[in-house]
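Worksheet for the structure shown next.
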Amino acid sequence: MSDVILETKRLTKEFKGFTAVNDVNLKVQRGHIHALIGPNGAGKTTCFNLLTKFLVPTSGQILFNGNDITAARPAQIARMGVIRSFQISAVFPHLTVLQNVRIGLQRQLGTSFFFWQSERALDRLNDRAMQLLAEVDLTGFADTITVDMPYGRKRALEIATTLAMEPELMLLDEPTQGMGHEDVHRVTELIKKVSAGRTILMVEHNMKVVSGICDKISVLQRGAMLAEGSYAEVSRNAQVMEAYMGTEASVLEGAH
């Protein structure tokens with residue numbers, strides 16, 4: 001199998017004359033944690049929406065495991081193993097933590113479309129659900145109603161429900177956004193932990209997170225690829241420093 005799990009070729013998205021993503025060639029290596037960074041308005045989220053088929057590209061190609069998925073629908077690529085988490089925590093607030101993970105696991109039973117299962121039918125998923133909660137340090141929260149959990153723990157739960165779908169490639173959209181220092185640290189460690197044997201592509205604004213866990217970084221500016229490489233390479237790049245200007249450039253330097 002090729003070392004490249006996801007590749008884009010000249011990926012472009014235009015909105016009524018405005019080019020949000022411009023001729024982007026991206027290669028994500030299997031087993032890597034790969035970050036997509038850039039100043040506000042750089043096209044990161046649009047790029048993510050193209051990769052997960054929430055938007056249709058104007059031109060260009062998207063390949064997953066060498067297969068052209070440019071015309072695939074979101075549900076098709078999810079079945080292939082491309083699973084995305086969102087900026088806003090996407091969990092069911094009035095179910096328990098365990099029930100949330102169980103819903104993600106239902107796909108393996110072939111019952112995901114029969115949404116309300118009897119408790120007995122779902123009990124056999126409990127062991128696997130508890131294993132996943134252990135993976136994200138949420139065992140003690142299994143019976144907690146999700147709405148009552150702290151924000152950082154909700155993000156951890158979202159990662160557990162994403163893992164329940166057995167992703168080959170996890171796409172994380174701003175996983176530490178809006179978090180305090182302690183939660184950022186916990187979620188960063190969690191991403192590192194769950195990356196074993198998986199590939200992660202993440203949009204992230206926190207440079208400390210990026211410098212700490214990413215194998216490779218792609219920098220977008222005004223929809224185009226500005227630079228690519230390790231954190232050390234990218235943070236020394238004069239064009240990147242200029243793109244981030246002032247305060248954000250000092251963030252780049254200070255994250256070493």
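Residue-wise test of (1) among the hydrophobic types (A, V, I, L, M, F, W, C); (2) more than 16 Å from residue 170 (Cβ to Cβ).
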residue: 45; (1), (2): no, yes
residue: 59; (1), (2): no, yes
residue: 64; (1), (2): yes, no
residue: 68; (1), (2): no, yes
residue: 79; (1), (2): no, no
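Table: residues versus (1) under 23 Å from residue 8 (Cβ atoms); (2) of a type in the set (Gly, Ala, Ser).
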residue	(1), (2)
196	no, yes
203	yes, no
210	yes, no
213	yes, no
217	yes, no
229	yes, yes
Among the candidates 18, 54, single out the residue that is surrounded by fewer than 15 Cβ atoms within 10 Å (Cβ to Cβ) and over 25 Å from residue 79 (Cβ atoms). 18
When restricted to 162, 176, the only residue out of contact with any Leu (no Cβ under 9 Å at 6 or more places or on another chain), under 23 Å from residue 50 (Cα atoms) and either free of Cβ contacts under 8 Å to residues at least 12 places away in the same chain or not small (Gly, Ala, Ser) (or both) is 176
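Condition check ((1) over 23 Å from residue 47 (Cα atoms); (2) at pLDDT below 90; (3) in the same structural domain as residue 63 (by TED's automatic domain parsing)) across all residues:
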site: 125; (1), (2), (3): yes, yes, no
site: 184; (1), (2), (3): yes, no, yes
site: 193; (1), (2), (3): yes, no, no
site: 206; (1), (2), (3): no, yes, yes
Among the listed residues 160, 232, 224, which satisfies the condition of being in the same structural domain as residue 126 (by TED's automatic domain parsing) and modelled with pLDDT of 90 or more? 160
Is there a residue in segment 97-120 that is modelled with pLDDT of 80 or more, on the phi > 0 side of the Ramachandran plot and either surrounded by 15 or more Cβ atoms within 10 Å (Cβ to Cβ) or under 19 Å from the mean Cα position of the chain (by Cα) (or both)? no
Answer yes if at least one residue in segment 213-230 is of a type in the set (Gly, Ala, Ser), surrounded by 18 or more Cβ atoms within 10 Å (Cβ to Cβ) and within 25 Å of residue 134 (Cα to Cα), and no otherwise. no
Looking only at segment 163-173, how many residues end up being of a type outside the set (A, V, I, L, M) and crowded, with 20+ Cβ neighbours inside 10 Å? 2
Go through segment 35-51 and give me each residue that's farther than 29 Å from residue 232 by Cβ and loosely packed, with under 13 Cβ neighbours inside 10 Å. none
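The values are calculated or read from the model by the stated rules, or taken from the named source; none is laboratory data. The structure displayed is predicted, hence computed values, not measured ones. Cβ sites come from the backbone with ideal geometry, for glycine too, and all protein chains shown count toward neighbours.
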